[in-house]
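Each reported figure results from applying straightforward, stated rules to the coordinates on display, with no laboratory input. A quick note: this is a predicted structure, and the numbers were derived from the prediction, not measured. Cβ: placed from backbone, ideal geometry, glycine included. Neighbour counts: every protein chain shown.
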Amino acid sequence: MASQQQERKITDKVSEQEKKDLDKRAAEGETVVHGGTGGKSLEAQERLVEGRSKGGQTRKDQLGTEGYKEMGKKGGLSTEDKSGGERAEEEGIPIDESKYSNKNKD
């Protein structure tokens, strides 16, 4: 999370002309802030980075570190054709889904 916040803060250090150039490139569809994919302005891309970071941290807090890692293991196996669960089953990779059930359930 800190590295993404540092990335966002880099734009605070550039000149107004550089900000205008970055904003123009973002409006043309280019990702100018790492993790800001989809934002149509420099400011929008910065907000996307911040929100994505907070969302990931919230999910990690909900699942716990071990559950978050297990979920990532399954997600990392997914392809366009198959889900991570399908690939894990085919390749004999054990995934313990009980590790990433939400800890905050009532």
Expressed in nm to one decimal, what extension gain is obtained for the pair LYS40 and SER15 from 0.36 nm per residue of sequence separation less their Cα-Cα distance? 7.0 nm
If each residue of separation counts as 0.36 nm, what is the full-extension length gain between GLU91 and GLN62 once their alpha-carbon separation is subtracted? 7.6 nm
Could you sort the peptides 58-65, 86-93 by per-residue average Cβ neighbour count (10 Å cutoff), highest mean leading? 58-65, 86-93
